[in-house]
1. If only one of 98, 65 is among the charged types (D, E, K, R), assigned to a helix (DSSP H, G or I) and without any contact (Cβ under 8 Å) to a residue 24 or more places away in the chain, which one is it?
2. Can you tell me which residue in segment 29-55 is farthest from the chain's Cα centre (by Cα), limited to those that are in a helix (DSSP H, G or I) and in contact (Cβ under 8 Å) with a residue 40 or more places away in the chain?
3. Is there a residue in segment 68-83 that is exposed (fewer than 15 other Cβ atoms within 10 Å of the Cβ) and in contact with a Ser or Thr (Cβ under 9 Å, 6 or more places away or on another chain)?
4. Examine segment 84-93 for a residue that is crowded, with 16+ Cβ neighbours inside 10 Å and in contact with a strand residue (DSSP E or B) (Cβ under 9 Å, 6 or more places away or on another chain), and state whether such a residue exists.
5. Hey, can you tell me all the residues within segment 50-82 that are of a type in the set (Val, Ile, Thr) and farther than 15 Å from residue 97 by Cβ?
Amino acid sequence: MKKFILFSVIFIFIIAACRPSTFVISKGTRAYYFGRESKGLYRLLCETGDLRKVLRDSDIPVYLKEEFYRYICTASRSEERVISLYQFLTPEERRSLKRAFIKHGYTVNYVPC
């Protein structure tokens, strides 16, 4: 019975770790997963207008830029949709999005202490 419980716990951790995700963006002392439903991320990207600037400077299709903005900065916010859109991007489009964040003063995949 103990082996079954241990196996179950390990299995749950593996499944949780394999969940698709995006990347971490940080500015100042705050870090967020791109697309998470968070008030802090909303303030950082949407209220400042930074997300529009980042999307403008990225080499991803216009309709995807609109969808990213919709699912991050409007009442239709959805972490699942952002992750789905991100998974749809080509590797070059993903790099372009990350480079656009860096261009606008963000750090990518680094969590400040």
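1. On the way: 98 fails: without any contact (Cβ under 8 Å) to a residue 24 or more places away in the chain.
Just one listed residue meets the conditions, 65.
2. Looking at the filtered set, the residue picked out is 53.
3. The answer is no, given that none of the residues of segment 68-83 is exposed (fewer than 15 other Cβ atoms within 10 Å of the Cβ) and in contact with a Ser or Thr (Cβ under 9 Å, 6 or more places away or on another chain).
4. Checking segment 84-93: not a single residue is crowded, with 16+ Cβ neighbours inside 10 Å and in contact with a strand residue (DSSP E or B) (Cβ under 9 Å, 6 or more places away or on another chain).
5. Quick first cut of segment 50-82, residues of a type in the set (Val, Ile, Thr) only: 54, 60, 62, 72, 74, 82.
The answer is 74, and nothing else.
Read the figures in this text as sums done on the coordinates, not as results from a lab. This is a predicted model, so every value here is computed, not measured. For neighbour counting, all protein chains shown are included, and Cβ atoms are generated from backbone atoms with ideal geometry for every residue, glycine included.
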